[in-house]
Amino acid sequence: MNCALRLVEIFGSQADLARAFQLDRAVVSHWVRVGYVPARWAGEVERLTSGRIGAVEVLDEASAKKPVRVKSRPDDAPFGFQQGSQAMSHFAPSKRIQSFHPPQRTLMGPGPTEIHPRVLTTMSQPAIGYLDPVFVEMMEELKSLLRYVFQTRNPLTFPVSGPGSVGMEFCFVNLVAPGDKVIVCQNGVFGGRMLENVLRCGGIPVVVEDKWGEPVDPQKVEDALKKNKDARIVAFVHAETSTGCQSDAKLLTQIAHQRDALVIVDAVTSLGGSPVKVEEWEIDAIYSASQKCLSCTPGLSPVSISERLVERVRKRKDKIHSWFMDMNLLLGYWGATTRTYHHTAPTNSLFALHEALLLIREEGLENSWARHQRHHVALKAGLEAMGLEFVVAEKHQLPQMNAVRCPEGVDEAAVRKTLLNEFGLEIGAGLGPLAGKIWRFGLMGYSCRPDNVMLCLSALGSVLVDMGLPLHVGDAEAAAHGAYAQMHARDAQRKKRAA
Ligand SMILES: Cc1ncc(COP(=O)(O)O)c(C=O)c1O
């Protein structure tokens, strides 16, 4: 049965289907007549059927029925080019290439995450210019939604075009001038990247090192600042994705400020999933990424810079080493008053980020934090019921990134491969010294759902039992259900007391 008929069956009638999609009945009856649903409705179909009909099914069917063919000029070769000219064909791939349709996956790795169908649909809207007044209006909303998730009034809060690494470089190239001393905290992969940035900016790094899996030690930072009175900046990762460890961003910022140093904070994995309070914690510069708890497509890096710092960068006498990331130039496009061309903004990705942030606004930021915590507690109960041990001590565990040690004698990579091939489930591997020793289970953004928690526990349990581990099938799921039940009971009591 084609997707159009399946939709009629799911919604009961063509009229009900038209109502659900807010369409004219004639449109729906046309779908039924031609026997497919046009590709642009793929995301909505998946959303409104709660995944019973996948977007990919709609896309596959639509492209089979009505392939989009872009033909250049007709055969009379008006510009002197012969169709299929030998010279051009030399460079054509020998293999016949079809349109690319990725499979449906459950994404529970370190990011990217699954994307809400509303975000995917928004992203596939027609392109408009980056100076179009409608787009400019959307940019202002986007900035205000970012201020909400960052909890700040900083006017310079905007998405840098590029992944989280670009947001990181944006902060370092603008704030670190050659010769500046920077305390760099390193307790995982991403502190190491900060160190690289300091070196490349000509700064003088002072490394404060903590074990992988432990938070940044505030005492060590204080000691380093005491020893290096000329240090201008302290840089640290709030949520270390490589280990699932959370550091105390508020305390580290206070310590830096007491010694007149500024902070650069990596909130790539924390933003949207656990509290980040830029104004209350007085963070000077912070960056994140679109593909983690914001659950958008990769390729945008929200940043927020305090007004004090913007002034400081404005007054820098030396030329900032990167043209693309020079804050003073970017302000011409993203600033409060002007919209002059800097680079071609990735418009459709920005539509998507707007929608992703709108979803967080609708849910409520605190509810989003609470959701990440709730599903983390359930997943943790299940993983521990399987005898798996967390890398990080409980009070520093990130809800959105759960790293556990792979049991002795189990082929870590083979488990991940089987999960992907047989269950369509992606989880993360260990990095650096933890490579081959741990698994990382992400619970970020739209991926942070009870169905994913249960699928993950069942799939992992089944693979481990197949590999000969002495586990009792169903124990992990029961533990997770038990954790949910306890949390529901506590919530009900709290509500009762408040009433
Ligand atoms: C904590 C942290 N910082 C920085 C990055 C780099 O972000 P991206 O991969 O988007 O460049 C990541 C990516 O996983 C990260 O987890």
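The values are calculated or read from the model by the stated rules, or taken from the named source; none is laboratory data. On a predicted model such as this, the values are computed, not experimentally measured, just so you know. Cβ placement follows ideal geometry from the backbone for every residue including glycine, while neighbour counts extend to all protein chains displayed.
Here is a list of conditions, (1) assigned to a helix (DSSP H, G or I); (2) within 16 Å of the ligand (Cβ to nearest atom), and Val221 meets all of them except one; can you say which number that is?
Condition not satisfied by Val221: (2).
Identify the single condition in (1) buried (at least 18 other Cβ atoms within 10 Å of the Cβ); (2) touching a Gly at 6+ places or on another chain (Cβ under 6 Å) that Thr338 does not satisfy, given that it satisfies every other one.
(1)
Yes or no: Arg232 within 16 Å of the ligand (Cβ to nearest atom), outside any loop (DSSP other than H, G, I, E, B) and not assigned by TED's automatic domain parsing to the domain that holds Met444?
no
Conditions tested, residue by residue: (1) in contact (Cβ under 8 Å) with a residue 24 or more places away in the chain; (2) surrounded by 17 or more Cβ atoms within 10 Å (Cβ to Cβ).
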| residue | (1), (2) |
| --- | --- |
| Gln397 | yes, yes |
| Asn402 | yes, yes |
| Thr418 | yes, yes |
| Leu425 | yes, yes |
| Lys437 | yes, no |
| Leu460 | yes, yes |
| Val465 | no, no |
| Gln486 | no, no |
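The rows are residues; the columns are (1) assigned to a loop (DSSP other than H, G, I, E, B); (2) over 19 Å from Ile115 (Cα atoms); (3) of a type in the set (Gly, Ala, Ser); (4) touching a residue at least 40 places away in the same chain (Cβ under 8 Å).
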residue: Trp323; (1), (2), (3), (4): yes, yes, no, no
residue: Ala345; (1), (2), (3), (4): yes, yes, yes, yes
residue: Asn348; (1), (2), (3), (4): no, no, no, yes
residue: Ala356; (1), (2), (3), (4): no, no, yes, yes
residue: Ile360; (1), (2), (3), (4): no, no, no, yes
residue: Arg371; (1), (2), (3), (4): no, no, no, yes
residue: Arg374; (1), (2), (3), (4): no, yes, no, yes
residue: Ala378; (1), (2), (3), (4): no, yes, yes, yes
residue: Ala381; (1), (2), (3), (4): no, yes, yes, yes
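Tally time: how many residues in the stretch 1-47 are assigned to a loop (DSSP other than H, G, I, E, B), within 35 Å of the chain's Cα centre (by Cα) and over 22 Å from Gln125 (Cα atoms)?
Final tally of qualifying residues: 1.
When you go through Ala345, Ala267, Ala352 one by one, which is the residue that is within 16 Å of the ligand (Cβ to nearest atom) and closer than 25 Å to Ala127 by Cβ?
The unique qualifying residue is Ala352.
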